[in-house]
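The values are calculated or read from the model by the stated rules, or taken from the named source; none is laboratory data. These numbers come from a predicted model, not from an experiment. Cβ placement follows ideal geometry from the backbone for every residue including glycine, while neighbour counts extend to all protein chains displayed.
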Amino acid sequence: MNEFLTRRQVVTGMGLLGLGLLAGCDGSTTALDFKYGKDLSNKIMGRTFKLTDTDGEVKTLSSYRGLMPMVFFGFTQCPAVCPTALARAAQIKKLMGEDGKTLQVIFITVDPERDTPQVLDAYVKQFDPTFVALRGTLEQTVHVAKEFGVFYEKVPAGNTYTMSHTATSFVFDSRGNLRLGLSPSLSAKQCAEDLVTVMEVC
């Protein structure tokens with residue numbers, strides 16, 4: 001984590017961090033220069049979702065104000081993509097050291113028929129105890145996926161089904177502005193570097 005801390009210290013020393021706070025934390029969405037992920041600063045996505053957490057409490061984007069939400073869509077019976085993404089997120093938090101405490105991983109199920117609150121809570125907590133899971137009705141799931149531009153569909157598999165879905169992780173800054181899209185092909189180290197860029201702005 002030293003290289004990430006060093007980068008932040010250098011930026012702060014140059015006075016750029018203060019400028020970034022003025023530019024990014026006043027509600028503006030100035031484009032950012034990410035090394036690996038996709039800049040989504042000019043996209044209006046995911047701002048009005050309203051889903052329920054595993055304790056039955058209604059959550060919106062504003063519920064995570066002051067944190068850096070990383071939103072990922074998936075389902076608990078996912079064979080590879082979802083566990084890989086959540087394991088990577090846990091590794092990212094570790095790489096970020098103390099800064100990792102601001103990263104709030106949010107897992108939104110695209111399979112609310114099978115993913116009960118109890119199943120979801122046990123699933124995400126096995127990767128990191130700070131991870132949270134959200135679910136909605138079938139109609140709410142359709143709405144929130146559309147709001148994020150996320151694709152998902154049921155795929156028959158014998159006597160049951162699996163889910164095909166978008167595997168991008170969406171990152172918001174601490175003021176609730178969408179900033180970054182992380183593809184599943186990126187390593188934890190690459191993601192952590194781009195997340196430091198988000199933190200430098202807000």
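Restricting region 146-173 to residues that are small (G, A, S) and in contact with a strand residue (DSSP E or B) (Cβ under 6 Å, 6 or more places away or on another chain), the residue that is nearest to D111 (Cα to Cα) is S164.
Table: residues versus (1) in contact with a Cys (Cβ under 9 Å, 6 or more places away or on another chain); (2) among the charged types (D, E, K, R); (3) modelled with pLDDT of 95 or more.
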{"residue": "K146", "(1), (2), (3)": "no, yes, yes"}
{"residue": "M163", "(1), (2), (3)": "yes, no, yes"}
{"residue": "L186", "(1), (2), (3)": "no, no, yes"}
{"residue": "D194", "(1), (2), (3)": "no, yes, yes"}
{"residue": "T197", "(1), (2), (3)": "no, no, no"}
{"residue": "C202", "(1), (2), (3)": "yes, no, no"}
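For region 41-56, the set of residues classified as at pLDDT 95 or above and crowded, with 18+ Cβ neighbours inside 10 Å consists of L51, T54, listed by residue number.
Considering only region 29-77, how many residues are of a type in the set (V, I, T) and either assigned to a strand (DSSP E or B) or on the phi > 0 side of the Ramachandran plot (or both)? Don't jump to the end; show me each part of the working.
Taking region 29-77 as the starting set, the residues that turn out to be of a type in the set (V, I, T) are 29-30, 44, 48, 52, 54, 58, 60, 71, 76.
After this cut, where a residue has to be either assigned to a strand (DSSP E or B) or on the phi > 0 side of the Ramachandran plot (or both) as well, the list is 52, 58, 60, 71.
Counting residues in region 29-77 that are of a type in the set (V, I, T) and either assigned to a strand (DSSP E or B) or on the phi > 0 side of the Ramachandran plot (or both) gives 4.
The one condition from (1) surrounded by 14 or more Cβ atoms within 10 Å (Cβ to Cβ); (2) assigned to a helix (DSSP H, G or I) that G181 does not meet is (2). Once region 94-104 is narrowed to residues that are out of contact with any Phe, Trp or Tyr (no Cβ under 9 Å at 6 or more places or on another chain) and in a helix (DSSP H, G or I), the residue that is nearest to M68 (Cα to Cα) is T102. Only one entry of R175, R135 meets the criterion of being surrounded by fewer than 20 Cβ atoms within 10 Å (Cβ to Cβ) and not polar (S, T, N, Q), and that entry is R175. Cβ separations smaller than 6 Å between residues 6+ apart or across chains give the following pairs from region 164-183 residues that are of a type in the set (S, T, Y) to residues that are assigned to a strand (DSSP E or B): S164/E153; S164/V155; T168/G181; S169/M70; S169/F72; S169/L182; S174/M68.
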